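Only one structure is covered here, and it is reproduced in the block below.
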Amino acid sequence: PFGTEGRGGYFDQYGIIRDIIQNHLLQVMCLLTMECPNKLDGPEAGEKIRDEKVRVLQSMQPVTLSDVFLGQYEGYTDDETITNKDSNCPTFAAVRVFINNPRWAGVPIIFKAGKALNERKAEMRIQFKDAPAAEHLFGTKVPRNEMVMKLQPTETIYMKSNIKTPGFSWEPIQSELEVKYDTRYFKHSKESNPDAYSRLILDVLRGNSASFVRSDELIRAWEIFDDVLHQIDDENIRPRAYRSGSRGPEAADDWINEKSGYVRNDDYVWHDGNICYVKNF
């Protein structure tokens, strides 16, 4: 697990919401939920894409404390660069927001980010509602379908769906339809998918502004988070402790389920393209 070792003194001034959620994850959410602009390529595309991103942010209300869950991993303040050994700086946060427009009204959106967790990844995950009458048809709880777009460490898109368990059982089992960029396009090539910073530098050289934040977008992003960040600091809100190398605070999954209705399928294992053997047919 990768924590804040060596840069804790810097991180302790800002916390996980300012470091990751208010900028990086909010950007990803805008790209996922914005309406399609009428240009996606060419000299006009950058401004049109950023116009749609700003419209998403303008449809959001400022975050309140009741929609924030905070954590801090055990041993965080052992870092020599952290001078305040009683720091309440959150190294984990889950935040619920809503987009108040016709397409997304009433749909809860959860941001989750943390340091010293069990794995390093960045992804967008869309969980669909329960399939109608599925539990009655199969006589068992059927996991929900999900669309997952993994940004890091390997760009992957996969659809989690249910198939028949191999063998004689009729019980549904969750699997995935997957496209991994490296495997699909570069497995038998000396080339590789350019990393994010290489693409950004090329955008600068080409004058493509779509991937960069405009001033009105930046101001609105801070307006959404600024009040709750000051409240956390001023009222010394204490984060919940969690073990380094875990998925975060134990209560986080229940909080996310309560706030969003998201149901985690603990039986599902992503095999990353490897062969999976199912026992006890």
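The values are calculated or read from the model by the stated rules, or taken from the named source; none is laboratory data. Bear in mind the structure is a predicted one, so any value in this text is a computation, not a measurement. Reconstructed Cβ throughout: ideal geometry from the backbone, glycine too, with neighbour counts over all protein chains shown. Ligands, DNA and RNA are stripped out before the accessible areas are found, and what is left, the full protein with its side chains, is counted by its heavy atoms. Shrake-Rupley method; radii C 1.70, N 1.55, O 1.52, S 1.80 Å.
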Considering only segment 25-63, state which residues are surrounded by 14 or more Cβ atoms within 10 Å (Cβ to Cβ) and touching a strand residue (DSSP E or B) at 6+ places or on another chain (Cβ under 8 Å). 25, 26, 28, 29, 33, 60, 63
Checked against (1) open to solvent by less than 60 Å² (accessible area, probe 1.4 Å); (2) farther than 20 Å from residue 17 by Cβ, residue 212 satisfies every condition except (1)
Take segment 103-125 and flag every residue that is among the charged types (D, E, K, R), open to solvent by 50 Å² or more (accessible area, probe 1.4 Å) and not in a strand (DSSP E or B). 103, 119, 120, 121
What's the number of the only condition in (1) under 22 Å from the mean Cα position of the chain (by Cα); (2) at pLDDT 90 or above; (3) open to solvent by 60 Å² or more (accessible area, probe 1.4 Å); (4) of a type in the set (A, V, I, L, M) that residue 229 fails to meet? (3)
When the residues of segment 64-87 are narrowed to those that are of a type in the set (D, E, K, R) and out of contact with any helix residue (DSSP H, G or I) (no Cβ under 6 Å at 6 or more places or on another chain), which ends up most open to solvent (accessible area, probe 1.4 Å)? 80
How about segment 126-209: which helices (runs of 4 or more DSSP H) wholly inside it have at least 1 residues that are open to solvent by less than 40 Å² (accessible area, probe 1.4 Å)? 134-138, 196-206
Name the helices (runs of 4 or more DSSP H) wholly within segment 1-102 that hold at least 2 residues that are in contact with a Pro (Cβ under 9 Å, 6 or more places away or on another chain) and farther than 25 Å from residue 228 by Cβ? 45-58
Every residue from segment 170-184 that is farther than 18 Å from residue 149 by Cβ and among the acidic types (Asp, Glu): 171
Subset of segment 184-224 [farther than 18 Å from residue 46 by Cα, basic (Lys, Arg) and in contact (Cβ under 8 Å) with a residue 60 or more places away in the chain]: 220
Here is a check on your reading of the model: is residue 97 under 23 Å from the mean Cα position of the chain (by Cα), open to solvent by less than 20 Å² (accessible area, probe 1.4 Å) and farther than 29 Å from residue 154 by Cα? no
